[in-house]
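Trainee: Got a structure here, written out as structure tokens. Questions coming.
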Amino acid sequence: MNTIFLTPYTLIENTDYPTDTKIVIRASDFENVLFQDGRITFSFINCRFKKLEIENSDTIEFKDISIQFIGCYIEEITVENIITTNLSIFFGSSILQGRIKNSNLLSVTVNNCFLNNSLFLLDLKIAVVSFTEENIYPVRWKRLLKSVNTTLENLLLEKQSFYIYDCKEIVFNFNENSTDKIGLYKRPHSNNIENKIGYFPSEAEKKNFKVSLNIQYSADKEHKLTKVINAKLLALSMSGYSTGEVLVENCKIDSWYIRNFSAQLGSNFYDIKPFRKETEETKLEIHKSNLDKVWFDNVSFDGYSTISLYRNKFGQTTLTACDFPTTYKGFDKIQTIENIHYPDKKDNNYFKTRYEIFVQFKKQLEASGNFYEAQKFQAISNEALKNIENLPYWDRLILKVNSLSNNHGLSIKEPFIATIAISVVFYVLYLWSLGRIFNCSDVDWNLVGYYFSFLDITHRSDFLVNKTELNGFSLTIDYFNKILVGFLIYQFIAAFRKYGKSKV
């Protein structure tokens with residue numbers, strides 16, 4: 001193994017390290033060295049490493065120590081043995097993979113980097129991963145790709161997977177171009193030839209860059225803040241018990257997995273929707289998680305092709321401005337399966353669990369004042385209830401009748417149309433039983449006006465003819481008309497008052 005000892009404030013450029021390399025940072029290297037504010041302590045520019053290890057075995061009395069890798073290729077990096085607490089590591093516009101784990105490190109920052117496969121950031125004070133369009137330099141990238149005999153197309157074939165476990169502070173951020181420019185452009189005020197030309201990727205090019213983020217928390221670790229902002233992700237996985245605050249905002253996430261998750265200080269999920277729903281199967285899974293103090297705001301549940309909600313505790317969950325399916329068929333995507341990747345493996349109590357999930361959603365929406373969506377979940381929970389095997393026959397019948405008559409209290413269209421159609425049919429039969437229709441060429445237009453009296457369920461039996469002219473058939477028709485029309489009018493009024501009902 002090739003061991004390197006560095007001199008502070010030195011620059012190493014265009015160097016290949018074809019064998020395993022260890023960078024050792026020693027206190028003795030800082031003797032009689034004055035701290036220079038604003039300068040990077042150690043810099044590697046356009047270098048290539050096969051296997052790199054960074055080690056420090058003693059405390060260094062120096063204000064800040066920073067080591068950066070710009071435009072570098074690192075086939076495998078390992079950082080574990082660090083004693084001093086003032087060391088920061090920065091990777092910019094590089095290609096790398098590996099594992100960095102040490103609670104003494106001040107921070108690790110990764111900006112605009114490609115991964116060979118994956119990067120593990122573990123037990124760090126601060127972990128920052130960012131993609132910033134304003135500092136994409138095509139000249140630098142072209143030289144780096146050529147030096148390692150690969151192409152951008154080959155890199156894009158690999159999924160970029162970041163695993164961030166038990167870091168106190170996590171920032172994962174995409175900073176997009178704020179202008180309408182796409183492609184190459186000239187950067188003003190740049191003296192470096194590599195930085196004179198910039199590049200703004202198009203939306204289609206961004207969709208080729210498939211980044212996955214896996215965040216895990218351990219209950220015995222300290223966490224302060226997790227921020228995932230403006231990210232465009234192929235997948236986001238979150239699990240464990242966070243003792244800090246969790247913010248996921250303005251993100252486009254194709255597959256989102258929340259498993260065995262809870263946050264002591266709460267979580268905010270704001271403005272989240274799928275990114276590649278035209279080309280990718282999009283999934284949302286919330287599994288055995290404590291959603292107390294979790295706020296879902298402007299989350300597009302309807303945008304995901306499959307949703308699994310399995311054995312979660314809602315508590316003080318808040319749902320505001322979220323998009324849910326608008327039809328019963330759309331709600332089929334919301335399932336209660338243990339593993340979203342195996343949709344055919346359903347529990348014996350699948351439909352009962354599904355019913356209870358919808359009821360919980362209804363309660364949370366009512367608590368937030370969203371009665372429109374709450375009533376929708378009331379209706380869909382009743383539809384789920386119909387599928388429970390041991391439900392009594394008469395209860396199932398009631399649910400079916402309510403579903404057909406006014407869509408469980410949501411629609412006035414069905415009872416209105418049914419009222420007109422049934423009453424007209426019964427009125428025609430009523431007139432026929434009395435011999436007032438289909439027996440002469442003259443039309444008595446007064447019968448049209450009498451229809452509205454027939455529609456009034458409180459009308460007298462002799463509203464049209466004397467009692468002596470009535471017969472058993474006409475009285476039977478009149479009686480059943482009053483029952484059916486009365487029921488439909490009640491269903492119409494119940495649906496019409498859906499926004500005026502008192503909320504408990």
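Trainee: How compact is region 410-495 by the rule of thumb for globular proteins, expressed as Cα Rg over 2.2 N^0.38 Å?
Mentor: That ratio works out to 1.14.
Trainee: Over the Cα atoms of the chain, what is the Rg over Rh ratio if Rh follows Kirkwood?
Mentor: Values: Rg = 34.1 Å, Rh = 28.0 Å.
Result for the chain is an Rg/Rh of 1.22.
Trainee: Taking the mean number of other Cβ atoms within 10 Å as a proxy for protection, how do you rank 411-422, 73-84, 370-381 from highest to lowest? Don't skip to the end; give the middle numbers.
Mentor: Numbers: 411-422: 16.2, 73-84: 18.5, 370-381: 20.6.
Averaged packing, sorted descending, gives the order 370-381, 73-84, 411-422.
Trainee: Here's a follow-up. Based on the alpha-carbon gyration tensor of region 23-133 and its eigenvalue square roots a ≥ b ≥ c, which shape applies: rounded if a/c is under 1.5, prolate if not and a/b is larger than b/c, or oblate? Intermediate values should be presented prior to the final figure.
Mentor: On the way: a/c = 1.67, a/b = 1.49, b/c = 1.12.
Prolate is the answer for region 23-133, as a/c is 1.5 or above and a/b outweighs b/c.
Trainee: Using 30 Å as the Cα-Cα cut-off, could you pick out the over-long pairs in Lys51/Lys196; Lys227/Lys498; Lys221/Lys376; Lys63/Lys101? All intermediate terms of the calculation are to be shown ahead of the outcome.
Mentor: Details: Lys51/Lys196 32 Å; Lys227/Lys498 40 Å; Lys221/Lys376 41 Å; Lys63/Lys101 22 Å.
Lys51/Lys196; Lys227/Lys498; Lys221/Lys376, as the Cα separations exceed 30 Å there.
Trainee: Net charge around Asn111, counting only other residues with Cβ within less than 12 Å of its Cβ (Lys, Arg = +1; Asp, Glu = -1)?
Mentor: On the way: positive: none; negative: Glu133, Glu134.
Value of the local net charge: -2.
Trainee: Here's a follow-up. Just want to confirm a number: the relative contact order over region 179-248, from Cα pairs under 8 angstrom separated by 6+ residues, in percent.
Mentor: Numbers: 87 pairs, mean separation 19.3, N = 70.
Relative contact order for region 179-248 comes out at 28 percent.
Trainee: Let me ask something additional. What is the set of long-range amide H partners of Glu245 at a cut-off below 5 Å, with H atoms built 1.01 Å from backbone N?
Mentor: Answer set, sorted by chain and number: Leu225, Thr226.
Trainee: Same structure again: Would you calculate a helix-derived [θ] at 222 nm for the chain, using -39,500 (n - 2.57) for each DSSP H run of n ≥ 4 and dividing by the full residue count, to the nearest 500? Intermediate values should be presented prior to the final figure.
Mentor: On the way: 9 runs with 125 residues, N = 504.
Using -39500 (n - 2.57) per qualifying helix, the result is -8000 deg cm²/dmol.
Trainee: Sticking with this one: Between Ser28 and Glu222, what's the calculated FRET efficiency when r is the beta-carbon distance and R0 is 35 Å? Round to 0.05. Intermediate values should be presented prior to the final figure.
Mentor: On the way: r = 33 Å, r/R0 = 0.94.
Once the sixth-power term is evaluated, E becomes 0.60.
Trainee: If you don't mind, another one. Sum up the charges of everything whose Cβ sits under 11 Å from the Cβ of Ser403, counting Lys and Arg as +1 and Asp and Glu as -1, but leave Ser403 out.
Mentor: Values: positive: Lys386, Arg396, Lys400; negative: Glu383, Glu414.
Here the count lands on +1.
Trainee: Right, next: Give me the dipole magnitude in Debye, nearest 20, for region 410-495 about the Cα centre, with unit charges on the beta carbon: positive for Lys and Arg, negative for Asp and Glu. Could you put the intermediate results ahead of the total?
Mentor: Numbers: 5 positive and 7 negative charges, 36 e Å.
Rounded to the nearest 20 debye, it is 180 debye.
Trainee: Between Lys467 and Tyr490, what's the calculated FRET efficiency when r is the beta-carbon distance and R0 is 30 Å? Round to 0.05. Intermediate values should be presented prior to the final figure.
Mentor: On the way: r = 28 Å, r/R0 = 0.94.
Given R0 = 30 Å and the Cβ-Cβ separation, E is 0.60.
Trainee: Nearest 10 degrees is fine. How inclined is helix 446-455 to the longest principal axis of the chain, computing both from alpha carbons?
Mentor: Tilt of helix 446-455: around 60 degrees.
Trainee: With only Lys, Arg, Asp and Glu charged, each at its Cβ (+1 for the first two, -1 for the last two), find how big the charge dipole of the chain is about the Cα centre; round to the nearest 20 debye.
Mentor: Approximately 680 debye in magnitude.
Trainee: Taking the solvent-accessible surface of protein heavy atoms with a 1.4 Å probe, what is the per residue accessible area of region 1-336 in Å²? Numbers along the way, then the final one.
Mentor: On the way: 14930 Å² over 336 residues.
With the other protein chains kept in place, region 1-336 gives 44 Å² per residue.
Trainee: Counting only protein heavy atoms and using a 1.4 Å probe, what share of the accessible area of the chain belongs to carbon plus sulfur, as a whole percent?
Mentor: Values: 13280 of 25330 Å².
That fraction is 52 percent.
Trainee: Taking a label point 7 Å from the Cα of Asp332 along the Cα→Cβ vector, which residues of region 296-311 have an amide N closer than 18 Å to it?
Mentor: Only 302-309 fall inside the zone, counting backbone N under 18 Å.
Trainee: From the cross-link list Lys252/Lys413; Lys159/Lys352; Lys125/Lys232; Lys224/Lys362, which pairs have alpha carbons spaced over 29 Å apart?
Mentor: On the way: Lys252/Lys413 37 Å; Lys159/Lys352 38 Å; Lys125/Lys232 25 Å; Lys224/Lys362 32 Å.
Violating the 29 Å Cα-Cα cut-off are Lys252/Lys413; Lys159/Lys352; Lys224/Lys362.
Trainee: Please list, in order along region 277-286, the HN-Hα scalar couplings obtained from phi with the Karplus expression 6.51 cos²θ - 1.76 cosθ + 1.60 (θ = phi - 60°), rounded to whole Hz, x for Gly and Pro.
Mentor: 5, 6, 10, 10, 6, 9, 9, 9, 10, 10
Trainee: How far apart, in nm, are two points set 7 Å out from the Cα along the Cα-to-Cβ line at Asn2 and at Ala204?
Mentor: Taking the simple label geometry, Asn2 and Ala204 are separated by 4.2 nm.
Trainee: Related question: Give me a comma-separated list of calculated 3J(HN,Hα) values for region 320-337, in order, Karplus coefficients 6.51, -1.76, 1.60 applied at θ = phi - 60°, integers in Hz, x for any Gly or Pro.
Mentor: With the stated coefficients, region 320-337 comes to 9, 6, 8, 9, 10, x, 9, 10, 4, 4, x, 6, 4, 5, 8, 10, 10, 10 Hz.
Trainee: Run the quick spin-label model on Val428 and Arg311: label points 7 Å from Cα toward the beta carbon, then report their separation in nm to one decimal.
Mentor: Result: 5.8 nm between the two label points.
The values are calculated or read from the model by the stated rules, or taken from the named source; none is laboratory data. None of these values were measured; they are calculated from a predicted model. Because the Cβ atoms are built from the backbone with ideal geometry, glycine has one as well, and the counts that use them run over all protein chains shown. Heads up: the accessible areas ignore ligands, DNA and RNA and are worked out on the full protein's heavy atoms, side chains in. Shrake-Rupley method; radii C 1.70, N 1.55, O 1.52, S 1.80 Å.
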